[in-house]
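Peer 1: Handing you this structure, nothing more for now.
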Amino acid sequence: MLSRLSGYLALLGALAATATPLVRDKSPVSVPFTRKFNFTSGSTLVEMDRVRITNLMCGCGGKCSSYAKSTAKQQLSAAATVFNTDATNGAVQYTVTVGVGSPATDYTLIVDTGSSNTWVGADKAYVKTSTSTSTGQTVEVSYGSGEFEGTEYTDDVTIADGLTITSQSIGVASSSEGFDGVDGILGIGPEDLTCGTLTTDESACITTVVQNAYSQGLIPAEEVGISFAPITGTSGTDTNGVITFGGTDTSLYTGDLTYTDITSTYPADYYVGITQSVSYGSETLFTDEAGIVDTGTTLIYLPSSAYNRYVSATGATLDEETGLLRLSTSQYDSLESMTFTIGGTEYTLTANAQIWPRSLNTAIGGSADYIYLVVNDFGSSAENGFEFINGMTWLERYYFVYDAASSQVAFATTEYTDATTN
């Protein structure tokens, strides 16, 4: 990844010496998220997350081995059989409305930092217009719990008023699995994750929507800022997040943004990867391990050794119905804060930030009277260089910035960092 990035930067430098500078007078563009619940009649967060994790561990490009695909499908089948529900990429998804074509047809797309292909056609069929051009290439991406295959097109992609990307490469699904109720994915992860997804040219990579928006002068920077709000209700239409293309929205965070480099450790470096240390109270759980920040994973996953220390320190017990750790009221009253040290900066998860929203206990097949923790075991999926995932429940407490051009991430406190909404 770093060698490709170095070559890319060198090419940009050479072009800059001869090309007419592109005037960037645009401001960042903010788009609201809509939260979509993916469980019906009860489900398990852990099973759904593990299906996604299986795919993430396959490495770059969304290309899984046949064994990994088989494992993911078995996990998906087990979750659907036991809980009578279709499992897609996660129990809680965040979607945006994106227009494709001219005139544009609106599609509901999952926002995903763990993948980078943008595609449509899972639910609503792709509508061709005068701006639609087939590249003649076939595309296939596996997400563990689902997959799509189809044809790659170029088309206009409208993310917001004033943000229409022309000739954006998108996948158009001829078949898809595991994406009921949504039309596809808006991939905002690193470009490397697209490499190898064009089955007719597995050496090729696809320029992402963020890269094209920047190169076309539509946004002032090749970065996105993401704000989530903690979940407090079960409505599938709540707007409780914002994604900002081309910069940040200063109204959505309270502290200073602190930047750190994307980890150089494989395979976390293929994703939005970071190096962090984690402690619970005064006890160190792990030090300087590599993992990822992922909007498509619901919970927080620690390596098994760290998870076991956390269980011992909190006194939590495993709840068989939900797959989550469970606390008594007295144990919750004694719950200490967790500290995540990233790039030398400490980010705290309070006791309330470590528990699942109690208003949603029954939605995940649990008891309304119980207290569940959002920290779970990475288990056998973990490997050197990919030891943890800071998922959506972590991101609800901190503003998150992914700067693709500089290969950096940043975090800042928000009004929800110390909130007691759960």
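Just so you know, all these numbers are worked out from the coordinates, no wet-lab data involved. In this text the structure is predicted, and so the values were computed from the model without any measurement. Cβ: placed from backbone, ideal geometry, glycine included. Neighbour counts: every protein chain shown.
Peer 1: Assuming a ≥ b ≥ c are the square roots of the Cα gyration tensor eigenvalues, decide whether region 329-392 counts as rounded (a/c under 1.5), prolate (otherwise, with a/b larger than b/c) or oblate. Intermediate results must be reported in sequence, preceding the final value.
Peer 2: Details: a/c = 2.47, a/b = 1.43, b/c = 1.73.
Because a/c hits 1.5 or more and a/b fails to exceed b/c, region 329-392 counts as oblate.
Peer 1: A follow-up question, please. Kirkwood Rh over Cα pairs of region 249-413 into Stokes-Einstein at 20 °C, 1.002 mPa s: D in µm²/s? Intermediate results must be reported in sequence, preceding the final value.
Peer 2: Values: Rh = 16.3 Å.
Using the Kirkwood radius from Cα pairs, D works out to 131 µm²/s.
Peer 1: Now for a separate question. Given points 7 Å out from each Cα along the Cα-Cβ axis, report the THR97 to GLU346 separation in nanometres with one decimal.
Peer 2: Result for the modelled spin labels: 4.5 nm.
Peer 1: What is the gain in length, in nm to one decimal, between THR287 and GLU202 on full extension, counting 0.36 nm per residue of separation less the C-alpha to C-alpha distance? All intermediate terms of the calculation are to be shown ahead of the outcome.
Peer 2: Values: separation 85, 0.36 × 85 = 30.60 nm, distance 3.68 nm.
Between THR287 and GLU202, full extension yields an extra 26.9 nm.
Peer 1: Which distance in Å, rounded to a whole number, links the C-alpha centroids of region 349-422 and region 244-260?
Peer 2: Using only Cα atoms, the two centres lie 19 Å from each other.
Peer 1: Also: Non-local amide H neighbours of TYR107 (under 5 Å, H modeled in plane, Pro and chain starts lacking H): which ones?
Peer 2: Counting only residues 5 or more places away or on other chains, the set is VAL98, GLY99, VAL100.
Peer 1: For THR250 and SER174, compute 0.36 nm times the residue count separating them, minus their Cα-Cα distance, and round to one decimal in nm. It would help to have the intermediate numbers written out before the result.
Peer 2: Values: separation 76, 0.36 × 76 = 27.36 nm, distance 4.08 nm.
Full extension of this stretch gives 23.3 nm more.
Peer 1: Return the long-range amide H neighbours of GLY296 (sequence gap of 5 or more, or a different chain), with a cut-off of under 5 Å between placed amide H atoms.
Peer 2: It is THR113, GLY114, by chain and number.
Peer 1: Taking the alpha-carbon centroid of each part, what is the distance from region 99-168 to region 192-218 in angstrom?
Peer 2: 12
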